[in-house]
Ligand code: BMP
């Protein structure tokens, strides 16, 4: 804090002592423990001058800490008036978290106007264990609201801040209890024995860090618009933008052997797809011209190109496979598919191949397969998801290829699901199909892959339009 603020901070500490917002003695906490110091900031509502002082301090504090946020939410109840003050001074809209959902009407837990993906700053008066802040964070996050920062007036230094940080929320405290005691001691309001008693109490009454208890947002209920803010991958953002602007969640698997057939399919289906997926190693006449023509069509119709390469080797080999060779995939494919089998090094290897590329690139990790009798186990799927959530290359992971709703919980990752056909259940080589509505609603796909359902139709354009319509309708019904 700058010198001016330091003086105001001291004034506030002394004022709080004067109005009995801090008491020394023997008190019982919410959890039944004895404490020699008790903060009751509720009393400040009876002292507009203290409220004003606090508001000024918080305003400066938010600016100094350079905290960026769209909404502000006080932890009920004591922090509600404090949040209101800041909301008015900063001209930022408030949110209120109800302690219980209403039994009637909207049944909403969060009051106020917001969208999923919006950021929110939390305000709290005191932290001890951090659990009250975390309850509020949990309810906000369940609505898709992004919570990265919290401000507390007083941190009792009993482990609450570590608990909150552990849940990915930064804690900015106006006072730590030690600073607070220092100010009161300097003003001769308390003696050394009191400072020692409280310091010992704090040291001996620490809350252990609880394991991450974040609830998961139901990704499948969120719109593509709201997911834009939640993804860490720039290419996933690009893809979502395309889905939104073209109203399509259809990926065409252009699995034919002749480049001219792929280009014709791309031009015909182009207006209705968000991604065109290739297997370049099945093309008889693959060449540079084909790639440039496909890129031109991608530009014309605004879709991304995914090479379904299913990389599965050690880091160094995939680096070479991705960045060089006849196909030079990294040059032209916006997205590629990758098996997680090798572990984190496969992502590092692939990323290293991109050193000369400035365009957005990303991968879809395979967590499940659509073919009957495939050998992927539940534990492999879970390990794949763990890799996706813990990798240092999270900005590189656009999504997951899988078949089951619930595999992808992180709303920042896109679920791509192949095995979609309107009128057939299987082919004669183990492929398993489901209808567009089933793939989106029951399997939880964000994007469905359709190959032969479109390619073998009499008219590719009409078939692509039909699949697009059914998939998009299923998505709009899912989120409403
Ligand atoms: P089709 O709709 O014609 O069955 O094509 C499905 C496409 O999706 C193929 O390109 C296939 O390689 C791919 N795919 C799949 O079918 N199942 C998976 O689990 C993963 C895939 O990439």
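The values are calculated or read from the model by the stated rules, or taken from the named source; none is laboratory data. Since the structure is predicted, the reported quantities are computational estimates derived from the model, not experimental observations. Here Cβ is always computed from backbone atoms with ideal geometry, including for glycine, and neighbour counts include all displayed protein chains.
Please indicate, with yes or no, whether at least one residue in segment 440-459 is more than 10 Å from the ligand (Cβ to nearest atom), closer than 20 Å to residue 309 by Cβ and either in contact (Cβ under 8 Å) with a residue 12 or more places away in the chain or assigned to a strand (DSSP E or B) (or both).
Yes, some residue in segment 440-459 is more than 10 Å from the ligand (Cβ to nearest atom), closer than 20 Å to residue 309 by Cβ and either in contact (Cβ under 8 Å) with a residue 12 or more places away in the chain or assigned to a strand (DSSP E or B) (or both).
Can residue 373 be described as modelled with pLDDT of 95 or more and under 20 Å from residue 312 (Cβ atoms)?
Considered against the rule, which asks whether it is modelled with pLDDT of 95 or more and under 20 Å from residue 312 (Cβ atoms), residue 373 comes out as no.
Which ones in segment 232-264 are farther than 22 Å from residue 469 by Cβ, in contact with a helix residue (DSSP H, G or I) (Cβ under 8 Å, 6 or more places away or on another chain) and assigned to a loop (DSSP other than H, G, I, E, B)?
Once the filter is applied, which keeps residues that are farther than 22 Å from residue 469 by Cβ, in contact with a helix residue (DSSP H, G or I) (Cβ under 8 Å, 6 or more places away or on another chain) and assigned to a loop (DSSP other than H, G, I, E, B), segment 232-264 yields 232, 233, 255, 256, 257.
Yes or no: segment 387-400 includes at least one residue that is without any contact (Cβ under 8 Å) to a residue 40 or more places away in the chain, more than 11 Å from the ligand (Cβ to nearest atom), part of a loop (DSSP other than H, G, I, E, B) and within 22 Å of residue 228 (Cβ to Cβ).
Among the residues of segment 387-400, not one is without any contact (Cβ under 8 Å) to a residue 40 or more places away in the chain, more than 11 Å from the ligand (Cβ to nearest atom), part of a loop (DSSP other than H, G, I, E, B) and within 22 Å of residue 228 (Cβ to Cβ), which makes the answer no.
Taking the residues in segment 401-437 that are outside any loop (DSSP other than H, G, I, E, B) and under 26 Å from residue 228 (Cβ atoms) as candidates, determine which candidate is farthest from the ligand (Cβ to nearest atom).
437
Going by the structure shown, is residue 464 more than 28 Å from residue 395 (Cα to Cα) and either modelled with pLDDT of 95 or more or within 9 Å of the ligand (Cβ to nearest atom) (or both)?
Taking the combined requirement at face value, the residue satisfies it.
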